[in-house]
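Trainee: There's a structure below that I have some questions on.
The values are calculated or read from the model by the stated rules, or taken from the named source; none is laboratory data. Bear in mind the structure is a predicted one, so any value in this text is a computation, not a measurement. Cβ sites come from the backbone with ideal geometry, for glycine too, and all protein chains shown count toward neighbours.
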Amino acid sequence: MESLSYISGLKPADQGPLSRFIPPLEEGVISTWLSHHAPASSWLLDPFGFSPRLALEAARTGYRILVTANNPITRFLLEMAADPPAEADFKAALADLAVVKKGDERLEAHLQSLYVTNCEKCGREVFAQSFLWRKAEDAPFARIYECKSCGDSGERPAMPADVERAKKIAATDSLHRSRAFERVIKLNDEDRSYAEEAIQHYLPRPLYVLTTIINRLDNLNLTAERRRALTALILAACDAGNTLWGYPSERARPRQLNTPAQFREQNIWMLFERGLGLWTETAASVPCVAWPNKLPDTGGICIYEGRLKDLAHEVKREIPIEAVIGSVPRPNQAFWTLSALWAGWLWGSDAVEPFKIALRRRRYDWGWNATALNAAFVHLFDLLPLSTPFLGLLPEAEPAFLSSALTAANAAGFKLKGMAMRTEHDAIQIVWERGEHLKRETAKPDVETVRKAIANYLTERGEPASYLHVHAAGLIALDETHALKQTDQEFDDALRSTQTVIETALKEDAGFIHYSTGESVDTGLWGLSESSRQESLSDRVEMAVVNFLQKNPESIYLEIENDLYQRFAGLLTPSKALIYAVLNSYTDKAGANWRLRAEDVAATRRAELKNITISIESIGRRLKYKTRKQGRLLIWEENGRSVRVFYPLASALIGRSLTEIPDLPPQTILVIPGGRAALAAYKEQRDPALGERLKNYRWLKYRLVRALSEVPILTRETFEEQINSDPVEQSKGQMMMF
């Protein structure tokens with residue numbers, strides 16, 4: 001397998017419409033990869049259609065991309081991102097809706113009246129931003145508001161009028177719920193019970209608001225663009241109106257239709273007014289057509305409303321696919337079920353029909369996921385020319401998801417060319433290549449092969465790694481030996497077999513150490529029991545950053561990051577947290593540029609190290625000790641016995657230093673610059689093996705050495721008190737990301 005350098009995005013994933021369900025992918029990854037693998041204006045294929053932003057980025061970079069989109073909601077998101085209505089159309093559509101009559105009232109006034117509450121401080125009527133509920137209760141227990149009259153705001157207990165209003169709305173709920181069913185599924189449809197179950201995740205008030213607005217949409221005389229704009233606002237409101245919004249903390253990315261113990265009921269009309277920015281701030285116009293319409297050579301998006309298998313033969317005849325890109329979908333019962341509901345509400349039951357299975361299916365296990373992915377990979381294999389590259393992104397990665405994707409691709413004939421992984425919080429980047437049409441001989445998974453692969457990886461890393469990383473190392477070994485799945489073996493059985501062999505490799509070998517408070521194999525970190533002579537990844541990253549800045553004095557973060565990712569590829573990709581820890585230790589930032597501090601220029605630091613050594617010798621003599629040097633160590637002696645051992649360092653290369661002097665005496669004092677203290681503490685936090693070794697040693701900062709050398713009267717007792725008064729601080733503000 002080739003070494004694959006991680007591609008860093010230019011900016012983080014946007015918080016656009018339905019962002020809690022859409023893959024969180026950094027912008028810039030796709031365009032960077034394509035610049036090396038496909039000429040501009042060539043045809044690309046996204047076989048999953050799961051990430052509108054991914055296709056949009058490719059199109060904006062000058063590529064023509066064919067996207068298969070079976071889910072009507074993701075298809076609509078893609079169309080809106082590519083060809084959004086003007087901001088004026090959104091405002092006009094909302095204004096048109098607001099003035100529609102509901103009885104004798106304007107619709108806006110009627111719907112807002114449903115959220116009226118009274119300020120606890122001044123008693124005036126205000127509109128609640130949200131009501132707070134406990135699962136299975138029939139009334140809210142609190143409300144959140146902001147009173148513009150007296151300034152009172154925040155969470156306050158629900159008042160009797162709030163409870164009474166909620167119960168009054170619930171009294172007519174069955175009528176509105178019935179209308180909501182009918183838009184999704186026909187009365188005699190065998191899947192009606194599944195739709196009813198899904199709609200239970202909407203309280204009576206938001207369901208009434210949504211059905212009232214959707215009914216008005218059908219009767220409004222709007223231009224096509226205003227209708228699209230209003231449909232977009234309604235879709236965002238459909239997501240805001242369900243009970244999946246936990247309180248006070250919410251699951252950022254729900255995957256199951258599970259109502260939290262406490263949740264927020266949001267003011268739908270307020271969200272309508274605020275929702276305009278969601279669509280206008282994240283969209284960028286590019287040509288967007290439906291298959292089989294043509295695209296200009298300058299790039300654009302062509303959407304196929306169906307499944308990949310139905311498109312395969314047509315694409316092979318009509319379009320020369322240069323490369324494949326895609327966010328590999330992971331199971332999400334919540335989004336897929338809600339997509340079916342929303343499609344019915346917005347476009348009627350006919351729009352749900354091709355996607356109706358999403359209502360029926362309740363459990364999406366990893367065996368199902370691998371089977372579904374494999375079917376897509378098989379169809380993809382048939383329509384691609386030999387050696388076509390495929391960049392697959394796996395956001396929200398976990399071991400089972402990675403196993404599913406690699407097994408599905410390998411079984412379909414795709415060759416794994418490279419994999420790069422940063423942390424479990426970042427998308428895994430995988431490059432496959434369409435292989436030859438051969439009947440491959442499969443092998444049985446071998447524990448020893450996996451064990452050796454994991455040991456080699458940990459040796460190269462030089463420090464413990466997360467389970468996701470060691471699992472990936474084992475998967476790569478199984479992929480290379482075609483041992484992920486046997487011929488005629490079911491995918492769920494293959495995934496269990498893979499998990500078992502990796503667990504066995506780790507658990508039944510004393511050469512691996514599990515740093516974890518739990519027994520589960522996928523918790524904590526894994527390392528080697530015998531420390532290797534390989535320098536730790538964190539030490540090598542520190543050296544690489546400093547060397548780069550010495551050669552490139554004024555550098556932006558992206559330049560530093562890109563240089564590092566080329567040096568530390570694949571599963572060795574350093575985290576942003578580690579890079580920033582090194583930068584904060586060595587540099588000053590001026591605008592966007594990072595520059596080594598004057599005292600951290602190599603010549604200056606060497607001179608300071610020499611001066612600190614002289615100061616330690618001087619302090620020792622003042623305290624009536626005999627001092628001598630032994631290599632890099634400075635020793636204080638009394639009566640021929642070693643009393644203190646100092647190890648002065650100019651860097652935070654702690655692991656390297658301890659390896660260079662393996663017989664370092666216990667209680668040796670490691671002397672480091674104050675600027676290295678937080679970095680040293682961060683390394684100790686992220687590496688439990690290093691932390692264990694450092695328990696035998698003490699720390700002393702340069703600044704304290706300088707201060708002690710200037711104290712007029714210094715005794716052995718005051719020296720001891722002083723060196724205990726300035727410990728190395730714990731790293732703050734750094735995420736423990738590996």
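Trainee: Which of the residues belonging to segment 94-121 are assigned to a loop (DSSP other than H, G, I, E, B), of a type in the set (A, V, I, L, M) and surrounded by 15 or more Cβ atoms within 10 Å (Cβ to Cβ)?
Mentor: Step one: list which residues in segment 94-121 are assigned to a loop (DSSP other than H, G, I, E, B), which gives 99-100, 103-104, 114-115, 119-121.
Next cut, of a type in the set (A, V, I, L, M) only: 99-100, 114.
Val100, Leu114, listed by residue number.
Trainee: If you don't mind, there's one more thing I want to ask. Here are some residues: Leu383, Leu341, Leu406. Which one is in contact (Cβ under 8 Å) with a residue 24 or more places away in the chain, under 24 Å from Ala59 (Cβ atoms) and touching a helix residue (DSSP H, G or I) at 6+ places or on another chain (Cβ under 8 Å)?
Mentor: Checking each option against the conditions leaves just Leu383.
Trainee: Something else: Does Ala689 count as assigned by TED's automatic domain parsing to the domain that holds Val645, under 21 Å from Thr587 (Cα atoms) and in contact (Cβ under 8 Å) with a residue 40 or more places away in the chain? Let's see the steps before the verdict.
Mentor: Values: assigned by TED's automatic domain parsing to the domain that holds Val645: yes; under 21 Å from Thr587 (Cα atoms): no; in contact (Cβ under 8 Å) with a residue 40 or more places away in the chain: yes.
Answer is no for this residue.
Trainee: Failed condition for Lys444, given (1) crowded, with 18+ Cβ neighbours inside 10 Å; (2) more than 28 Å from the chain's Cα centre (by Cα); (3) not aromatic (Phe, Trp, Tyr), with all others met?
Mentor: (1)
Trainee: Determine, yes or no, whether Thr211 is in contact with a Ser or Thr (Cβ under 7 Å, 6 or more places away or on another chain), of a type outside the set (Asp, Glu), under 25 Å from Leu132 (Cα atoms) and buried (at least 19 other Cβ atoms within 10 Å of the Cβ).
Mentor: On the way: in contact with a Ser or Thr (Cβ under 7 Å, 6 or more places away or on another chain): no; of a type outside the set (Asp, Glu): yes; under 25 Å from Leu132 (Cα atoms): yes; buried (at least 19 other Cβ atoms within 10 Å of the Cβ): yes.
No; evaluated as a whole, the condition is false for this residue.
Trainee: For a quick check of your reading of the model, give me the residue pairs whose first member lies in segment 102-126 and is of a type in the set (Val, Ile, Thr), whose second is part of a loop (DSSP other than H, G, I, E, B), with beta-carbon atoms closer than 7 Å and at least 6 apart or on different chains.
Mentor: Listed by first residue and then by second, the contacts come to Thr117/Ala128; Thr117/Met159; Val126/Cys119; Val126/Cys147.
Trainee: Counting only residues that are surrounded by 15 or more Cβ atoms within 10 Å (Cβ to Cβ), acidic (Asp, Glu) and out of contact with any helix residue (DSSP H, G or I) (no Cβ under 8 Å at 6 or more places or on another chain), how many does segment 496-533 have?
Mentor: Total meeting the criteria: 1.
Trainee: Could I ask something else about it? Being farther than 23 Å from Leu220 by Cβ and touching a strand residue (DSSP E or B) at 6+ places or on another chain (Cβ under 7 Å), is that true of even one residue in segment 80-97?
Mentor: Within segment 80-97, one or more residues are farther than 23 Å from Leu220 by Cβ and touching a strand residue (DSSP E or B) at 6+ places or on another chain (Cβ under 7 Å).
Trainee: Please return the ranges of helices (runs of 4 or more DSSP H) entirely within segment 324-377 where 1 or more residues are touching an Asp or Glu at 6+ places or on another chain (Cβ under 7 Å) and of a type in the set (D, E, K, R).
Mentor: It comes to 357-360.
Trainee: Please go through (1) buried (at least 21 other Cβ atoms within 10 Å of the Cβ); (2) out of contact with any helix residue (DSSP H, G or I) (no Cβ under 9 Å at 6 or more places or on another chain) for Leu230 and return the number of the only condition it doesn't satisfy.
Mentor: Just one mismatch for Leu230, condition (2).
Trainee: Quickly run through segment 212-265 and pick out the residues that are in contact (Cβ under 8 Å) with a residue 60 or more places away in the chain, more than 26 Å from the chain's Cα centre (by Cα) and assigned to a loop (DSSP other than H, G, I, E, B).
Mentor: Hits for segment 212-265 are Leu220, Leu222, Thr223.
Trainee: His425: under 17 Å from the mean Cα position of the chain (by Cα), assigned to a loop (DSSP other than H, G, I, E, B) and under 30 Å from Arg540 (Cα atoms), yes or no?
Mentor: Against the criterion (under 17 Å from the mean Cα position of the chain (by Cα), assigned to a loop (DSSP other than H, G, I, E, B) and under 30 Å from Arg540 (Cα atoms)), His425 qualifies.
Trainee: Say whether the condition of being more than 34 Å from the chain's Cα centre (by Cα), of a type outside the set (Phe, Trp, Tyr), within 24 Å of His201 (Cα to Cα) and surrounded by 15 or more Cβ atoms within 10 Å (Cβ to Cβ) is met by at least one residue in segment 122-129.
Mentor: Looking through segment 122-129, none of the residues is more than 34 Å from the chain's Cα centre (by Cα), of a type outside the set (Phe, Trp, Tyr), within 24 Å of His201 (Cα to Cα) and surrounded by 15 or more Cβ atoms within 10 Å (Cβ to Cβ).
Trainee: Please work out which residue is surrounded by the fewest Cβ atoms within 10 Å (Cβ to Cβ), limiting yourself to segment 542-600 and to residues that are of a type in the set (S, T, N, Q), in a helix (DSSP H, G or I) and out of contact with any strand residue (DSSP E or B) (no Cβ under 9 Å at 6 or more places or on another chain).
Mentor: Gln566
Trainee: Go through (1) in contact with a Pro (Cβ under 7 Å, 6 or more places away or on another chain); (2) farther than 28 Å from Ile654 by Cα for Glu480 and report which single condition fails.
Mentor: (1)
Trainee: Which one is nearest to the chain's Cα centre (by Cα), of the residues in segment 665-708 that are part of a loop (DSSP other than H, G, I, E, B) and within 23 Å of Ile513 (Cα to Cα)?
Mentor: To start, the set of residues in segment 665-708 that are part of a loop (DSSP other than H, G, I, E, B) comprises 665-668, 673, 687, 695-697.
Add one more test, that the residue is within 23 Å of Ile513 (Cα to Cα), and what stays is 687, 695-697.
Values: Asp687: 22, Lys695: 34, Asn696: 37, Tyr697: 37 Å.
The qualifying residue nearest to the chain's Cα centre (by Cα) is Asp687.
Trainee: Filter segment 601-642 for residues that are of a type in the set (Gly, Ala, Ser), in a helix (DSSP H, G or I) and in contact with a strand residue (DSSP E or B) (Cβ under 8 Å, 6 or more places away or on another chain) and give the result. Even if it seems obvious, please write down each step before you answer.
Mentor: Keep residues of segment 601-642 that are of a type in the set (Gly, Ala, Ser), which gives 602-603, 607, 615, 618, 620, 631, 640, 642.
Add one more test, that the residue is in a helix (DSSP H, G or I), and what stays is 602-603, 607, 615, 618, 620.
Listed by number, the list holds a single entry, Gly620.
Trainee: Give me the pairs, please: first residue somewhere in segment 456-467 and within 17 Å of Glu424 (Cα to Cα), second residue anywhere and of a type in the set (A, V, I, L, M) and part of a loop (DSSP other than H, G, I, E, B), beta-carbon distance under 7 Å, and either six or more positions apart or on two chains.
Mentor: Short answer, once both residue conditions are applied: Tyr467/Val521.
Trainee: Next up: Please count how many residues of segment 39-67 are over 24 Å from the mean Cα position of the chain (by Cα) and either among the polar types (S, T, N, Q) or surrounded by fewer than 22 Cβ atoms within 10 Å (Cβ to Cβ) (or both).
Mentor: 6
Trainee: Conditions: (1) of a type outside the set (D, E, K, R); (2) over 21 Å from Phe335 (Cα atoms); (3) surrounded by fewer than 18 Cβ atoms within 10 Å (Cβ to Cβ). Gln200 meets all but one. Number of the miss?
Mentor: (2)
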